[in-house]
Amino acid sequence: GAVVSQHPSRVICKSGTSVKIECRSLDFQATTMFWYRQFPKKSLMLMATSNEGSKATYEQGVEKDKFLINHASLTLSTLTVTSAHPEDSSFYICSAGNTGRSYEQYFGPGTRLTVT
Amino acid sequence: AQTVTQSQPEMSVQEAETVTLSCTYDTSESDYYLFWYKQPPSRQMILVIRQEAYKQQNATENRFSVNFQKAAKSFSLKISDSQLGDAAMYFCAYRNGSSNTGKLIFGQGTTLQVKP
């Protein structure tokens, strides 16, 4: 099956700094990647959809200047949390998909971000 | 806009017994996909089962089966012969079939406890 990796799995950063999370599709080309945020015991909240080579589409209420998404290649997307604050602490999950009718989404293992 | 509702925040089942998790959705589309995802304590999202709306036959995957009632917009998941490893949070999800982005809409989730 398709494998998606995320790095790092855990990160702790100080308030005011920026942190970058990588999402890689290891054995397939992902034309579209999705970034989610999940609070404990809650559902996944879609933050943005990114297509390779174009600007990400952000969901309503998500600050695009705070959560910078880059999808520069068919196997890599990055989420940069800029000027992080404690309220940005959360679990971030990416998923990757390909065009086509089945359009399966394959999920990464997630990244736990703690902002102190 | 499409919505997905899981009305059972928590469910429990005795090992080897059968449990059914409920999911309803709302859409005006005729072409769509429905999914059940499992999120164990590791928080890795795992696809359990998928149903295409145009298929009348209910999908099955080993011990997992769905009851897809298109007119009622209901999509329940039945887990037979429950095992301790089935304990997880389960999410019902919807995807519009004609969508180029393949965006998933998740329900609130149901936490399943399996008692030995």
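Among the residues here, A:LYS55 does not qualify as more than 23 Å from B:GLN39 (Cβ to Cβ), of a type outside the set (Gly, Ala, Ser) and more than 14 Å from chain B (Cβ to nearest Cβ).
Scanning the range A:47-70 for residues that are under 10 Å from the mean Cα position of the chain (by Cα) and crowded, with 19+ Cβ neighbours inside 10 Å gives A:MET47, A:ALA48, A:THR49, A:SER50, A:PHE67, A:ILE69. Within the range B:34-41, at least one residue is surrounded by fewer than 17 Cβ atoms within 10 Å (Cβ to Cβ), under 30 Å from A:ALA48 (Cβ atoms) and touching a residue at least 24 places away in the same chain (Cβ under 8 Å). If the condition is being under 17 Å from B:TYR37 (Cα atoms), of a type outside the set (A, V, I, L, M, F, W, C) and either free of Cβ contacts under 8 Å to residues at least 12 places away in the same chain or in a strand (DSSP E or B) (or both), then the range A:1-39 contributes A:TYR36, A:ARG37, A:GLN38.
Restricting attention to the range A:71-116 and to residues that are of a type in the set (Phe, Trp, Tyr) and within 13 Å of the chain's Cα centre (by Cα), the residue that is modelled with the lowest pLDDT turns out to be A:TYR106.
The number of residues in the range B:65-77 being touching a Lys or Arg at 6+ places or on another chain (Cβ under 9 Å) and either among the small types (Gly, Ala, Ser) or surrounded by fewer than 17 Cβ atoms within 10 Å (Cβ to Cβ) (or both) comes to 2.
Does A:VAL62 qualify as being touching a helix residue (DSSP H, G or I) at 6+ places or on another chain (Cβ under 6 Å), modelled with pLDDT of 95 or more and over 27 Å from B:ASP31 (Cβ atoms)? So A:VAL62 does not fit the description; no. So, B:SER7, is that one part of a strand (DSSP E or B), over 30 Å from A:THR31 (Cα atoms) and free of Cβ contacts under 8 Å to residues at least 60 places away in the same chain or not? When the stated conditions are applied, B:SER7 does not pass them.
The values are calculated or read from the model by the stated rules, or taken from the named source; none is laboratory data. Keep in mind it's a predicted model, so treat the numbers as computed, not measured. Cβ: placed from backbone, ideal geometry, glycine included. Neighbour counts: every protein chain shown.
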